1. Keeping to region 74-107, report how many residues are in a strand (DSSP E or B), within 23 Å of THR39 (Cβ to Cβ) and among the aromatic types (Phe, Trp, Tyr).
2. Give just the number: which of (1) at pLDDT 95 or above; (2) in contact with a helix residue (DSSP H, G or I) (Cβ under 8 Å, 6 or more places away or on another chain) does ASP58 not satisfy?
3. Is it the case that LEU99 is touching a residue at least 60 places away in the same chain (Cβ under 8 Å), more than 17 Å from MET1 (Cα to Cα) and either loosely packed, with under 14 Cβ neighbours inside 10 Å or not polar (S, T, N, Q) (or both)?
4. Just give me the residues in region 50-59 being surrounded by 15 or more Cβ atoms within 10 Å (Cβ to Cβ) and of a type outside the set (Asp, Glu), in sequence order.
5. Among the listed residues VAL62, VAL70, VAL88, VAL47, identify the single one that is hydrophobic (A, V, I, L, M, F, W, C) and buried (at least 19 other Cβ atoms within 10 Å of the Cβ).
6. Is region 77-89 home to any residue that is more than 14 Å from the chain's Cα centre (by Cα), among the aliphatic types (A, V, I, L, M) and under 18 Å from MET1 (Cβ atoms)?
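The values are calculated or read from the model by the stated rules, or taken from the named source; none is laboratory data. Remember, predicted model here, so these are calculated numbers, not experimental data. Positions of Cβ are generated from backbone atoms using ideal geometry, with glycine treated the same way; all protein chains shown enter the neighbour counts.
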Amino acid sequence: MFIDRATEVHADIHDAYDVWTVYESYPSFMDTVEAVSWTDDGRRHWVATVEGETCEWDATLVERIDDEKVAWRALDGRESGEVRFEKVASDRTRVTYQLEYDPAAWRASAGHVQRWMDHRLEHDLEAFKELVETSD
């Protein structure tokens with residue numbers, strides 16, 4: 001399944017990109033993510049709650065272009081995605097969050113996973129917007 005959401009933030013593209021790429025701070029704007037940490041081999045280990053169930057997985061960055069794009073994929077095939085940053089004005093940035101996922105790989109009902117993913121993208125973008133716009 002594929003989800004594509006976007007928002008415009010009142011922030012310079014560099015500032016928006018910098019906030020998004022501090023992976024350990026994801027729990028501050030991703031309410032279902034409990035932790036993101038780096039593994040010894042440079043991957044990110046995720047812990048999140050999906051409809052009351054704790055899920056863990058590892059992901060790797062597949063592309064990172066400063067102030068433009070971050071793309072990843074889960075090693076077990078559960079998801080892949082990217083976040084793109086586009087300068088709208090000197091103090092405005094469009095942030096586009098795209099995610100492709102396999103409901104069966106989440107080991108939860110497809111309905112639960114779909115609700116979680118929809119919430120995840122909508123909420124995460126709104127919370128990210130608030131975080132970036134209130135950061136000093």
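1. So the count comes out to 1.
2. Result: ASP58 passes all but (2).
3. Considered against the rule, which asks whether it is touching a residue at least 60 places away in the same chain (Cβ under 8 Å), more than 17 Å from MET1 (Cα to Cα) and either loosely packed, with under 14 Cβ neighbours inside 10 Å or not polar (S, T, N, Q) (or both), LEU99 comes out as no.
4. Once the filter is applied, which keeps residues that are surrounded by 15 or more Cβ atoms within 10 Å (Cβ to Cβ) and of a type outside the set (Asp, Glu), region 50-59 yields VAL50, CYS55, TRP57, ALA59.
5. VAL70
6. No, every residue in region 77-89 fails to be more than 14 Å from the chain's Cα centre (by Cα), among the aliphatic types (A, V, I, L, M) and under 18 Å from MET1 (Cβ atoms).
Residue-by-condition table, conditions (1) in contact (Cβ under 8 Å) with a residue 24 or more places away in the chain; (2) touching an Asp or Glu at 6+ places or on another chain (Cβ under 9 Å):
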position	(1), (2)
ARG5	yes, yes
ALA11	yes, yes
TYR17	yes, yes
GLU24	no, no
PRO27	no, yes
